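In what follows, a single structure is set out as structure tokens and then discussed.
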Amino acid sequence: MSAQNRLKIVRIIARLNGGGPARQACLLHEQLRPEFQTVLITGRPDIGEKDMSYLLASDEGVYRIDSMSRPVSIFSDLRSLLDIYRILRREKPDIVHTHTAKAGTLGRVAAVLAGVPVRIHTFHGHVFAGYFGKLKTRVYLAIERFLARFTTRIVTVSGGQERELAETYRIAPRSKIQVIRNGFDWKDSSRSQAEVRAELNLKRDQTAVLWMGRMVPIKGIELLAEVVKATSSNDALIFVVAGDGPLRAHLEELTRGCRNLRILGWQEDVASVVKACEVVLLTSVNEGTPTSLIEAMFAGKPFVGTDAGGTSDLAIGLMEATRGIRQANNGFIVERKAEAILECLTRLAADPSLRETMGRTGREHAIHNWTADRLVNEIKQLYRESTNSAKARAQRA
């Protein structure tokens, strides 16, 4: 298909830092190219953040705006807004698709000013719980409600998040919101489990619990530390942490003297690390759809996750709660208490058969529901339907 006949998409994300949104933005930028003209606008990762640019095949069609950093700054944000506007005027896209809060604000305002007919925003999570105080949260809610009026379509990555945006926070009516789950181009590790466990200094009789993500407050670092400390006198449970961030030193301080903790930093070969462990743990305060738990399912591992945002949407056959624990066919959803997490980890450590059954169920679910092909096809359909509707409205006007 010639470039003239292909829709042009400009995708905007604040930073290609470690985490699910950056992975999804890179995947879509690359895999939509055969049928769409794709452009990516992004900022620079903050100090200490993992740069996920390695997921891009090249810098073709990529604009980098240094001023689009995470902290709110009137001068930097206005400069970023002007830069995005200029790029949009130059590229003349059919669709602007934004990811993450800051990019969603700047990108949608610039798209309106530049006259882009279709404006789509994906909520990979939200900042309405666990991030700010009441006053600041109200400001962000007002901004998102205002922006929703100028947004063609809002995408959420889970049904739970859709309910929150439509009912709890009243960002937009359900008719404007569409659920499109994340997609993963997962490849199993070719390395043996024994080889990777040896590198991590894990003994055969030890149960390795993997925690992955950015070390920031919303990820529940203090709860992770509490769980590690509670088992530090017994080396049967070993905690492997794959990630980094501003709270790494805080985690190290909280767990000083704990020999049952391995902090690896960011890992590009995630599949090998997951393969080496028996269970994946999530301690977050708030989540959209946690990447680490989906990766656990692809690798055939059970999970223990706090009941945060879209986490429970990943649980298959979720049962009623007992002592703050809800068992599912592929893992456990728990309240944010160390005792509940430890009870689940202890059960899984003592029962290899349960781990195998949960892991097999989760893997089958992931293969059928969380692939990159499914995501790409649903996004293609969204883009075509949105542009067709925009053209129809323009003709009636």
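The values are calculated or read from the model by the stated rules, or taken from the named source; none is laboratory data. Bear in mind that the values here come from a model prediction, so they are computed numbers and not experimental data. As a convention, Cβ positions derive from the backbone with ideal geometry for all residues, glycine included, and neighbour counts pool all protein chains shown. Surface areas here come from the heavy atoms of the whole protein model, side chains and all, with no ligands, DNA or RNA. Shrake-Rupley method; radii C 1.70, N 1.55, O 1.52, S 1.80 Å.
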Every listed condition ((1) closer than 20 Å to Gly160 by Cβ; (2) out of contact with any Ser or Thr (no Cβ under 6 Å at 6 or more places or on another chain); (3) among the charged types (D, E, K, R)) holds for Asp313 save (2)
When (1) outside any helix (DSSP H, G or I); (2) surrounded by 18 or more Cβ atoms within 10 Å (Cβ to Cβ); (3) touching a residue at least 40 places away in the same chain (Cβ under 8 Å) are applied to Glu35, the one that fails is (2)
Which numbered condition in (1) under 20 Å from Thr289 (Cβ atoms); (2) surrounded by 20 or more Cβ atoms within 10 Å (Cβ to Cβ); (3) not polar (S, T, N, Q) is the only one that Arg163 fails?
(2)
Determine, yes or no, whether Arg360 is over 16 Å from Arg181 (Cβ atoms), assigned to a helix (DSSP H, G or I) and modelled with pLDDT of 95 or more.
yes
Could you please let me know if Ala142 is crowded, with 24+ Cβ neighbours inside 10 Å, among the hydrophobic types (A, V, I, L, M, F, W, C), farther than 17 Å from Arg181 by Cβ and over 23 Å from the mean Cα position of the chain (by Cα)?
no
Of the residues in the stretch 287-318 that are of a type in the set (A, V, I, L, M) and either touching a Cys at 6+ places or on another chain (Cβ under 8 Å) or closer than 18 Å to Lys337 by Cα (or both), the one that is surrounded by the fewest Cβ atoms within 10 Å (Cβ to Cβ) is Ala308
Given the stretch 61-175, what helices (runs of 4 or more DSSP H) lie entirely inside it while holding 2 or more residues that are without any contact (Cβ under 8 Å) to a residue 12 or more places away in the chain?
74-91, 134-148
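Give the residues of the stretch 114-126 that are of a type in the set (A, V, I, L, M, F, W, C) and either open to solvent by 10 Å² or more (accessible area, probe 1.4 Å) or out of contact with any Lys or Arg (no Cβ under 9 Å at 6 or more places or on another chain) (or both), sorted by residue number. Reasoning before the result, please.
First, pick out the residues of the stretch 114-126 that are of a type in the set (A, V, I, L, M, F, W, C): 114, 116, 118, 120, 123.
Ala114, Phe123, listed by residue number.
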Here the qualifying pairs (Cβ atoms under 7 Å; residues six or more apart or on different chains; first in the stretch 378-392 and modelled with pLDDT under 95; second open to solvent by less than 90 Å² (accessible area, probe 1.4 Å) and part of a helix (DSSP H, G or I)) come out as none
For the stretch 38-73, which positions are closer than 20 Å to Val155 by Cβ and not aliphatic (A, V, I, L, M)?
Thr38, Thr42
Those residues of the stretch 221-240 which are surrounded by fewer than 21 Cβ atoms within 10 Å (Cβ to Cβ) and within 26 Å of the chain's Cα centre (by Cα), in sequence order
Glu222, Leu223, Glu226
Restricting the search to the stretch 335-361, which residues are polar (S, T, N, Q) and under 16 Å from Phe239 (Cβ atoms)?
Thr346
Give the stretch 241-273 a look and list any residue that's open to solvent by less than 30 Å² (accessible area, probe 1.4 Å), in contact (Cβ under 8 Å) with a residue 60 or more places away in the chain and either of a type in the set (Val, Ile, Thr) or farther than 18 Å from Pro217 by Cβ (or both), or say none.
Ala271, Ser272, Val273
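Out of contact with any Phe, Trp or Tyr (no Cβ under 7 Å at 6 or more places or on another chain) and within 22 Å of Arg384 (Cα to Cα): does that describe His97? Spell out how you get there, then give the answer.
Numbers: out of contact with any Phe, Trp or Tyr (no Cβ under 7 Å at 6 or more places or on another chain): yes; within 22 Å of Arg384 (Cα to Cα): yes.
Criteria met by His97.
Rundown of residues vs (1) charged (D, E, K, R); (2) open to solvent by less than 40 Å² (accessible area, probe 1.4 Å); (3) under 24 Å from Leu293 (Cβ atoms), yes/no style:
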{"position": "Ala14", "(1), (2), (3)": "no, yes, yes"}
{"position": "Ile41", "(1), (2), (3)": "no, yes, no"}
{"position": "Lys50", "(1), (2), (3)": "yes, yes, yes"}
{"position": "Ser53", "(1), (2), (3)": "no, yes, no"}
{"position": "Arg64", "(1), (2), (3)": "yes, no, no"}
{"position": "Ile74", "(1), (2), (3)": "no, no, no"}
{"position": "Leu78", "(1), (2), (3)": "no, no, no"}
{"position": "Thr98", "(1), (2), (3)": "no, yes, no"}
{"position": "Val112", "(1), (2), (3)": "no, no, no"}
Restricted to the stretch 182-208 and to residues being in a loop (DSSP other than H, G, I, E, B) and among the hydroxyl-bearing types (Ser, Thr, Tyr), the residue surrounded by the fewest Cβ atoms within 10 Å (Cβ to Cβ) is Ser190
From Met319, Met297, residue being of a type in the set (A, V, I, L, M, F, W, C) and free of Cβ contacts under 8 Å to residues at least 12 places away in the same chain
Met319
Take the stretch 68-95 and flag every residue that is under 23 Å from the mean Cα position of the chain (by Cα) and either of a type in the set (Val, Ile, Thr) or under 14 Å from Ile41 (Cα atoms) (or both).
Met68, Ser69, Val72, Ile95
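Any idea which residue in the stretch 319-335 is nearest to Val228 (Cα to Cα), counting only those that are open to solvent by 10 Å² or more (accessible area, probe 1.4 Å) and modelled with pLDDT of 95 or more?
First, the residues of the stretch 319-335 that are open to solvent by 10 Å² or more (accessible area, probe 1.4 Å): 319-327, 329, 335.
This time we only want the ones that are modelled with pLDDT of 95 or more, so: 325-327, 329, 335.
Values: Ile325: 19, Arg326: 22, Gln327: 22, Asn329: 25, Glu335: 17 Å.
Across the stretch 319-335, the extreme among qualifying residues is Glu335.
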